Amino acid sequence: MVLGRSKDKNVTSSVSLPVVDDDSRKPQLPVIALVGNPNAGKTTLFNQFSGLRAKTANFAGTTIDHRSARVKFNHGDAELLDLPGLYGLDAATPEEKVAQDVLLGRVEGMTQPDLVLLVIDATNLERNLYLAARTIELGLPTVVALNMWDLAQKLPTKINLDSLTKDLGVPVIPVSARTGDGIEQLRQAIDTSLEHYKPAIAPESLQECSSCCECPYAARFDWAEQVSDRCGVNNEHHTHGPMTEAIDRILTHPVIGIFAFFAVMAVVFILIFQIATYPMDMIEAGFGYAGAWVGSFLGEGDLKSLIVDGIIGGVGGVLVFLPQILILFFFLTLLEDTGYMARAAFVMDRLMRRVGLPGRAFVPMLSAHACAIPAIMSTKIIEDRRDRLVTILVLPLLTCSARLPVYVMLIALLFAGNAVYAGLAFTGAYSLGIIAALVMAFLFKKTILPGDTRPLVIELPSYRRPSIKTATLLTLDRAKLFVKKAGTIILVLSILLWAASTYPKMPEGGESAVAQQRIAQIEQQITQTTDETAVAEFNNQIEHIQAKEELAYSVAGRAGKIFEPVFRPLGFDWQINVGVLSSFAAREVIVSTLAIVYGVGEEVAEDGDRFAQVLDRQTREDGSRVFTTATSFSLLVFYVLAMQCLPTQAVTKREAGGWKWAFFQLGYMSVLAYGLALITYQTISFFS
Amino acid sequence: MSQTVSPTPAPDTPDLTGLTPMHQLKTHQVAEIKYVDASHDDIARLKSMGICQGRRIQLIQAGDPLILKVVGVRIGVSARLAKRVYAEPCCSSGKKC
Ligand SMILES: Nc1nc2c(ncn2[C@@H]2O[C@H](COP(=O)(O)OP(=O)(O)OP(=O)(O)O)[C@@H](O)[C@H]2O)c(=O)[nH]1
Ligand SMILES: [Mg+2]
């Protein structure tokens, strides 16, 4: 049994309560923990109490975040804590483990909750009563919220509340978290309980279970059956309607189920990319406007460049991806809420197991197609540590939205004007990422993190109408969290990157001889024309040349030259190297870097086809084309597979538990990207 | 994957005659769980979801993973785990065995 194994001195045996003298409790608010089976309605109930006041924070010593809110009761304020769902006290996933640890008072810096608000799904009393038994046995003050009362009322059998209250030995309040019915009564019950601090005393029938030696599970399930019998509920009556059964015949079908899964996901992704363009355009325009507006207050010089290009430009460049990420979250939460995600994990398990990953790993893998950061954060639903590590390691191989601008640029370069080939190339790039991720996962499971995949055990809940409100609140929380976590790293990175491409400053007249010649030529042409637009155009050209020269002089530019021998076998020249190196921290940066390197303005860089034409005209010193088919393909393969995202690495470090894994991830992905780009370049060059 | 068919017999292995491993039940067949071989780490998880001695289960969908119904809930389980659960099929899908 779990309790017996505990080394924590706070948790001695099941019934006795850790003695906490009232003084040490004073400065803290009393803590009310929401405990219940998955899908019992804890979060919905939490939202009823908290509204928009919820805060999201990490549990100490873990990376699992929880939502808490200060709630007013007559007796005084209390802190309400929303916990992940539990089946019993045999936690398997890190999330369940945290919920269990909170309940048992094993989380560092947290005392055991002062009150347990046990949420029971009234439409499935018997199963929920098992956890109720385990919780009541802990002997903490407990109030039961008998949730889904609206649904339970529609069922043929009625729950006898008096009998249930008697059997549980704690107050039982029927509520409907969704409609808000019964919340007032629940509030009063909590109030009374907080005031009197009355520990739960396990009823006699239950005490027999804990002392029974045969099978502690069986004993409690027997108890649960008796209790629900006594209050007039026979579990054969409740359970899934015929609807769920019928839908499941399709969605969990070994073959049709998989097609259904891909169809659902295709729709979700199409919606994401469709809807996200509007807010993305707005964010882009907003940051552009902000940059210009702030810039107008600052004189020309480094400060302006730092603030406008470095900070506003850099942060804006990353925040444009936020809408996609949030819309993805929103849809995934909705799907989760309908009960479909469990089916998806069920059908995918068969496929994922082939590469050694559990079916649950598909959710992070899906999310990674928007952004690896939330994907890595969502690997907490995977039970086994090795499975989780392997998933984290391969997630950044999947094509995230930051790669899209790079794909757009390179594919326009390769297949300008041929929509079919361009489409195929996009599909190919996505597929390469997926295949690489699966193959690497397979290899890791065979070598560095060996072990059987954990067998699937997943509840397939009844289908439900999802709650838009819950999904919206959760998404807003995520948004805050993402901006806070990724934001700081991105801010620092933007400044560093800006510095590397700005310093050291080129002295007056420090341009290379070729550039000086070119400038002189253009200046000559200016004197020969009187057309104002032509003059402006010439001046523009000079500015571009100077920008390029300044970049070449900077740390970034020099590094590009130093790395020439390294990247030559891939077909990159020093200018591409500058792009590759500058995108070490954030891959999409290559587009704007190449724009500077090849002397085109922002507007052109954003127009894939026009930019491609400019790139296509570039020549090397010996006059040959820079972006040959071989180089373009090689660069594309490189960008599909390379790590190039420092925020992701920071998250890997957090979630995998150490820089070691982040470095390993960077290392293997770099080798993979380099190796395959090399093969690509050499093969294509050989045949053409 | 590794389908090691070596249910290390515990010293107190009960008499398994007349019992069917859960993954071999027929679709829609109802059975009562008689014995669970707890030698796998994930068995505790199954048990806290109700797959333990004395519960009645119904096989909803055969295969790997399979779907079964226990205490009114449908649960998807790998055949790997399911075969460690031994059940006695009931005569009909009636209430009591
Ligand atoms: N009809 C009805 N639906 C409810 C009620 N309470 C919750 N739900 C729905 O039940 C589903 C699950 O609710 P959640 O609040 O997410 O459940 P949870 O306990 O937080 O689940 P986990 O976080 O997964 O453990 C949602 O679709 C809710 O809208 C209720 O009282 N009546
Ligand atoms: Mg919840």
Completion exercise
Treating every alpha carbon of segment A:22-230 as one equal point scatterer without solvent, the Debye formula yields log10 I(q)/I(0) values at q = 0.13, 0.14, 0.18 Å⁻¹ of -0.69, -0.80, -1.36
Problem - FRET efficiency estimate (nearest 0.05) - Cβ-Cβ, A:ASP281 to A:ASN418, R0 25 angstrom - result: 0.40
Fill in the blank from the handout: SASA check, A:TRP293, accessible area w/ 1.4 Å probe, all protein chains in place, rounded to nearest 10 Å², comes out at 150 Å²
Exercise for the section: With all protein chains present, calculate the accessible area of B:ARG74 using a 1.4 Å probe and round the result to the nearest 10 Å². Expected result: 0 Å²
Fill in the blank from the handout: Distance in nm between A:LYS446 and A:PHE426 label points, each 7 Å along Cα→Cβ, equals 3.4 nm
Practice task
Report in % the part of the accessible area of the protein assembly as shown that belongs to carbon and sulfur, leaving out ligands and nucleic acids; probe 1.4 Å.
Solution key: 60 percent
Problem - Accessible area expressed per residue, segment A:70-219, with surrounding protein chains retained (probe 1.4 Å, Å²) - result: 38 Å²
Problem - C-alpha long axis of helix A:125-137 to longest principal axis of chain A, angle in ° - result: 80 degrees
Problem - Cα pair distances in segment A:407-526, grouped into 10 Å bins until the bin that holds the longest one, percent each - result: 9, 11, 16, 33, 17, 7, 5, 2
Completion exercise
The helix A:322-338 Cα axis meets the longest alpha-carbon principal axis of chain A at an angle in degrees, between 0 and 90 and rounded to 10, of 30 degrees
Completion exercise
Per the rule of 0.36 nm per residue minus the C-alpha distance, extending A:LYS561 to A:ILE250 adds in nm 106.1 nm
Fill in the blank from the handout: Taking N as the residue count of chain A, its alpha carbon Rg divided by 2.2 N^0.38 Å gives 1.14
Handout entry: Cβ-derived FRET efficiency at R0 22 Å, A:VAL514 paired with A:ASN539, nearest 0.05
Key = 0.70
Fill in the blank from the handout: Compactness summary of segment A:319-370: radius of gyration and Dmax from Cα atoms, Å, are 12.3, 37
Problem - Exposure rank, largest accessible area first [B:LYS47, A:LYS446; 1.4 Å] - result: A:LYS446, B:LYS47
Exercise for the section: Would you be so kind as to list the residues of segment A:430-466 that have their accessible area lowered by at least 20 Å² in the full protein complex compared with their chain by itself (1.4 Å probe)? Expected result: A:ASP452, A:THR453, A:ARG454, A:PRO455, A:LEU456, A:VAL457, A:ILE458, A:GLU459, A:LEU460
Practice task
State, in square angstrom and to the nearest 100, the accessible area buried between chains B and A, both chains counted, probe radius 1.4 Å.
Solution key: 3500 Å²
Problem - Nearest 10 degrees, 0 to 90: helix A:629-641 Cα axis against chain A principal axis - result: 30 degrees
Exercise for the section: Using just the alpha carbons, could you tell me how many Å³ per residue the convex hull of segment A:282-416 encloses? Expected result: 169 Å³
Practice task
Convert 25 °C to kelvin, take the viscosity as 0.890 mPa s, use the Kirkwood radius over C-alpha pairs of segment A:75-145 as Rh, and evaluate the Stokes-Einstein diffusion coefficient in µm²/s, rounded to a whole number.
Solution key: 191 µm²/s
Completion exercise
Expressed in nanometres to one decimal, the distance between label points 7 Å along Cα→Cβ at B:ASP15 and A:THR529 is 10.3 nm
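The values are calculated or read from the model by the stated rules, or taken from the named source; none is laboratory data. What you see is a predicted model, and the numbers here were worked out from it, not measured in a lab. In this analysis, Cβ positions are derived from the backbone assuming ideal geometry, glycine residues included, and neighbour counts consider all displayed protein chains. These accessible areas exclude ligands, DNA and RNA; they are computed on the full protein's heavy atoms, side chains included. Shrake-Rupley method; radii C 1.70, N 1.55, O 1.52, S 1.80 Å.
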